[in-house]
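Each reported figure results from applying straightforward, stated rules to the coordinates on display, with no laboratory input. Predicted model, so just to flag it, every value in this text is computed and none were measured. Note that we place each Cβ from the backbone using ideal geometry, even for glycine, and neighbour counts take in every protein chain shown.
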Amino acid sequence: MGGLTSDGLRARILASLEHASRTWLNRAFTSAVRAFLVMILVVLPSVILPGIGPDTKQIVALVALFAGALVFFEYNAIYPSLVEFRDGAPYNRIRYLMLLAIVLLLSLIVADREEPTTVSRLVRALGEVVGSALDFPYSPVRLATLMLAENATAAQVLDMRTTAGTAYMVSLMSLAIFVIVLKLAGWPSTKSAFNVWVNLPTFEPTAHGDVVDRLERDSRVNLAVGFLLPFVVPALIVGLTAGLPPGTLTSPQTLIWTMAAWAYLPASLLMRGVAMARIADMIRTKRDLKLAEEAALALPAEEEDEEF
């Protein structure tokens, strides 16, 4: 009898160790894939743009390795420290695809200036159409063109308008896709447990009042900042680049990453605001259901006391 018990205990221990090992390997593999995808994103402009020197390639490779290592350790850890909504797919996937599409399209548009191809000409033509359509008074694209110096050439203004319009259109489409997924798929998914504190590692739930009120307040702040950022960033860039040569902002790498950040950050903040509002609604709904269940359980007990 004792032998059977020890054999069963040993089998359970081995099964538990095997499950833990398989879980760790699966998490490490998925983390490595995410890190590799981030590295591809960082080096993409250097691969597409012609005439990139070896020094620039080495710097880009170093930045890509650092970004990949950060993503790997963040996703491989049990509890994250920086990346939000790690288990809230497809939030981060949509953001990554948005940034990847922006960087890819802008790289093709900028590369078309020196080595045009059929694909780059098509992307640039579509970008010029979008940029012209979005270039109306007080629009974010019009403000983006004002970041250039007064003595900028017509070609530089056209490049800025084309890249700004393309990046802004991609960000708007990505934001619309996220809202559609949120409505149709019921994000965050109810198929598995959604840990709010793991998916919001920078959010302190025990500070400054009710957690639902704080989530709603942070949601409104993110929405407001995300809406105003495309209008504020051009003025900041004009102040920071004052006195620099006119071609500094329109150099290939600078133009791509500046326009990518200008379009990506506001859309990311808007998505974060929508996501936090959704989580606040989810917490409020679960809290109301729990209170209703407690009230329903307490009601029969009160009726029995009255009968007694």
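Computed values, structure above
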quantity	calculated
Per-peptide average of other Cβ atoms within 10 Å, ordering 41-50, 195-204 highest first	41-50, 195-204
Two-site FRET efficiency, Arg93 against Ser132, from Cβ-Cβ distance with R₀ of 22 Å, rounded to 0.05	0.10
Whole-Hz ³J(HN,Hα) from phi, Karplus 6.51 cos²θ - 1.76 cosθ + 1.60, for the stretch 84-101, glycine and proline x	8, 6, 5, 9, x, 4, x, 4, 5, 5, 5, 5, 5, 5, 4, 5, 4, 5
The stretch 60-169, dipole about Cα centre (Lys/Arg Cβ +1, Asp/Glu Cβ -1), debye to the nearest 20	180 debye
Per DSSP, loop trypsin sites (Lys or Arg not before Pro) in the stretch 107-203 with at most 10 further Cβ within 10 Å	Lys191
Estimated FRET transfer efficiency when R0 is 25 angstrom, pair Leu37-Ala261 (beta carbons, to 0.05)	0.85
Computed label-point distance, nm, for sites Ile283 and Thr30 using a 7 Å Cα→Cβ extension	2.4 nm
Distance (nanometres) between label positions extended 7 Å along Cα→Cβ at Gln58 and Leu240	2.6 nm
Net lengthening on full extension, Lys290/Asn151 (0.36 nm per residue, minus Cα-Cα)	43.5 nm
By average C-beta atoms within 10 angstrom, highest first, the peptides 25-36, 276-287	276-287, 25-36
Calculated on alpha-carbon atoms, Rg and Dmax of the stretch 86-307 in Å	23.4, 90
Cβ-Cβ FRET estimate between Thr117 and Ala185, R0 fixed at 30 Å, reported to 0.05	0.20
